[in-house]
Amino acid sequence: MPELDQYETATFGGGCFWCTEAVFQQLRGVKSVTSGYSGGSVPNPTYEQICSKGTGHAEVIQVAFDPRVIAYADLLEVFFHTHDPTTVDRQGNDVGPQYRSVIYYHSDAQQRTAQQVKQTLQASGDFRSPIVTRIEPFTTFYPAESYHQNYFADNPRQPYCSFVIAPKVEKFRQHFAERLA
């Protein structure tokens, strides 16, 4: 088992953190996934504050990963292909700045990799519209309330999980089968 300091951190906002958490928890090389908030101005925001759209925060996941098992570029590929990076402040029926597509980089290397992957995917033709994902420096992460953590696994029969998250997870599992834990 690698030491904790051998893990790196990635922070992604791809809409509802319940959806992104459910996907990234299944990747080989991911040690942990924590749902939370980044990119805003209010310290220690609550979910209710985030939903009011006045804090500036995005719903994000923070991923601890072993770069010897999964590269940051591979995490980015999963990120871009498991949400819609072409819509501003929207993922499906979830609308508002808290649902923006954003990558918060933790190092210059992560920034360069994120820009390269975004440019490569934009040029690939995989997306019909321009990718609007923001690439911004990481500042602060606030973990979401405990009931948001591990949400899909703990609430598989909840309607949002059944009708929104489950199909997304199934599509991910088919597309990225070789990367599953």
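Please treat every number below as a calculation from the coordinates, not as lab data. Please read these numbers as outputs of a predicted model, since none were measured by experiment. Neighbour counts are summed over all protein chains in view; Cβ atoms, including those assigned to glycine, are modelled from backbone coordinates with ideal geometry.
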So what is the relative contact order of the chain, in percent, for Cα pairs below 8 Å that sit 6 or more residues apart?
-> 30
Distant-in-sequence amide H partners of A144 (H built 1.01 Å from N, under 5 Å) | S35, G36, Y37
For the peptides 103-109, 80-86, what is the packing order when you average, over each peptide's residues, the other Cβ atoms within 10 Å and list the highest mean first?
-> 80-86, 103-109
Part-to-part distance (alpha-carbon centres) for segment 93-147 and segment 6-23, which is given in Å = 10
Mind listing the phi-derived Karplus ³J(HN,Hα) values for segment 47-58, rounded to whole Hz, using 6.51, -1.76 and 1.60 with θ = phi - 60°, and x for any glycine or proline?
-> 4, 4, 5, 4, 5, 6, 6, x, 9, x, 7, 10
Across the chain, how many lysine pairs, 8 or more apart or on two chains, come within less than 25 Å at their alpha-carbon atoms?
-> 5
Among rounded, prolate and oblate, which fits the chain when a ≥ b ≥ c are the square roots of the eigenvalues of its C-alpha gyration tensor, a/c under 1.5 means rounded, and a/b larger than b/c means prolate?
-> rounded
Sequence of K171, K31 once ranked by neighbouring C-beta atoms within 10 Å, starting from the fewest = K171, K31
Once amide H atoms are placed 1.01 Å from N in the peptide plane, what residues at a sequence separation of 5 or more from R134, or on another chain, have their amide H within under 5 Å of its amide H?
-> S101, V102, I103
